[in-house]
DNA sequence: AACGTCATTGACGATTCGTCACTATAGACC
DNA sequence: GGTCTATAGTGACGAATCGTCAATGACGTT
């Protein structure tokens, strides 16, 4: 094909192509049945070329994880432009996570895998570094809003907690909920009656109340704030999600 | 050996033996390098026998996950006997989780793997069922304390939230923190300066404050409450953890 | 047109998996 | 105590998967 053309541009494009092909494959088969041979068959490149990009299956899964973070950063950046109090904007951003989970189920599911120790243990150092950089960018979006909250007086950091700790704690809580309710993403009926979006909302609300970020949930109906924010900023995405037969129950 | 002796007792003992041998192995090698052959070599049984217990490596990992939950239930049951307010007892129980994480690092690390979709996808239905039953038992311990809190008037359930939702949300938050700070379990210095025990404490505190579970953290120094609870109820475990060179920084 | 360079290829050896035909043994029955 | 049977246990083997590397070919250079 192109022997003397190792320009980064097309290399990255091909990496993306492999990732997208894998995701397409993962809409039909489970991660546990994913093999490199199946990926190679799905793609116009040979095994050697694929291995040139990804040192092993786990490395590819991590690549997908990073791709997922890119997607998230895009969605988060849109949510953060929501007009409202700093607490509302924080909550809006959290919900962009949910939109992503519902919009790209295969990506979401696979990205979770990429966090497991068994995958990380086989991931190339470069990709881990990339992962951390992306995580940092994501966290920075939250930092910004926390600063806003402190600036406008609606939030003061708890004793012994830095901005980073607050932001990390909130993120981890939401992450835990999503991991644990992930199974039922498609079945709609929640695990023992739990709905992802409900518990995600509850977790965020309790967290922000716990931080004493004003106005508290007792003073304001955040459920409808979120609802209208979603309809306004993510109309297209909601359309796609609904077309797939998944209703957001809030 | 024993042809006509399929008593459940010894079968379960052997299952445990295989699990413990695997955990021993996992103190030296990473999960990603774990193979069934290595396990078989570590154990006085043959491949066929091991496969009789566990249908594949993933099934074994899930078995380890369930074993971990057993361990946790044991520790939790001890923490719950702490004398103090209902909120204190809740917090004590949360911290039993941390004790477990520090006491059995290999078990803890592996149990995390067992939650990943790629592992669950290959786990036998029976074991998944067992997992859910154990999860239920664990949750029930939390239910109990939430009931106590409601009974003694220090807690009222938030609008639109059931006992189950509260308990789930709290659990998931703690779980997320632990997953995300897991890497550094042994390195002691936290990820970008975050310490597992610190953030675990913070998350629990914010969560309980968010629930408005009295007395709030502004009214009571829970840090020292936890400290003395640990010294009192988990002296032996703390000893072991310290002997390994890990200090609990609270 | 001959050469050098480098991306690409896919066949192959190595590893790992999971099965199954066979062996061993404890008890039942004569 | 000898034989028979049912079941636990074994480990060699075929199948699947992995990751490599010697060979190929496309393109720029001389």
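What follows is calculated from the coordinates using simple rules that are stated; it is not laboratory data. The structure presented is a predicted model; accordingly, all values stated were derived computationally and were not measured. Neighbour counts are summed over all protein chains in view; Cβ atoms, including those assigned to glycine, are modelled from backbone coordinates with ideal geometry.
For residue A:245, the label point sits 7 Å beyond Cα toward Cβ; its separations from the matching points on the remaining copies run 5.6 nm, from shortest to longest. For residue A:36, the point set 7 Å out from Cα toward Cβ sits 2.1 nm from its twins in the other copies, listed from shortest up. In this simple spin-label model, placing a label point 7 Å from the Cα along the Cα-to-Cβ direction at both residue A:10 and residue B:10 gives a separation of 6.8 nm. Label sites at residue A:132 and residue B:152, each approximated as a point 7 angstrom past Cα along Cα to Cβ, lie 4.4 nm apart. Can you check what the Kirkwood hydrodynamic radius comes to for the stretch A:63-146, Cα pairs only, in Å to one decimal? Averaging 1/r across every pair of different Cα atoms and inverting gives 13.5 Å. Using a 7 Å offset from Cα along the direction of the beta-carbon, what are the separations from residue B:81 to the same position in each other copy, nm, ascending? Copy-to-copy label distances for residue B:81: 6.0 nm. Distance from the alpha carbon centroid of the stretch A:1-78 to that of the stretch A:95-169 works out to 22 angstrom. With coordinates expressed along the principal axes, the C-alpha atoms belonging to chain A extend over 62, 38, 31 Å, beginning with the largest. For the stretch A:100-215, the pair-distance distribution built from all alpha carbon pairs, in bins 5 Å wide starting at 0, is 2, 9, 16, 19, 18, 15, 13, 6, 1, 0 percent. Residue by residue along B:206-215, Cβ atoms of other protein chains within 10 Å of the local Cβ number 5 on average.
Partner shielding of A:14-27 amounts to 0, given as the average count of beta-carbon atoms from other chains within 10 Å of each residue beta-carbon. Note on residue A:243 and residue B:24: their simple-model spin labels are 5.8 nm apart, each label 7 Å out from Cα toward Cβ. Diffusion coefficient (Stokes-Einstein, Kirkwood radius over C-alpha pairs, 20 °C, 1.002 mPa s) for the stretch A:2-108: 138 µm²/s, rounded to a whole number. Contact order for chain A, expressed relative to its length and based on alpha carbon pairs under 8 Å spaced 6+ residues apart, stands at 20 percent. Summed over all non-identical Cα pairs, the Kirkwood treatment of the protein assembly as shown gives a radius of 24.1 Å.
Cβ-to-Cβ counts within 10 Å put B:8, A:47 in ascending order as B:8, A:47, the fewest first.
Which value at 222 nm does chain B reach when only helices count, each DSSP H run of 4 or more adding -39,500 (n - 2.57), with the total divided by all residues and rounded to the nearest 500 deg cm²/dmol? Calculated mean residue ellipticity at 222 nm is -21500 deg cm²/dmol.
When each of the peptides A:232-241, B:67-76 is scored by the mean number of other C-beta atoms lying within 10 Å of its residues, the order from highest to lowest reads B:67-76, A:232-241.
Shown for B:204, A:49, A:35: other C-beta atoms within 10 Å of each C-beta, ranked fewest to most, produce the order A:35, A:49, B:204. Sorting A:213, A:171 by the number of Cβ atoms found within 10 Å of their own Cβ, with the fewest placed first, yields A:171, A:213. For residue B:144 and residue B:218, the FRET efficiency from 1/(1 + (r/R0)^6), where r spans their Cβ atoms and R0 equals 35 Å, is about 0.85.
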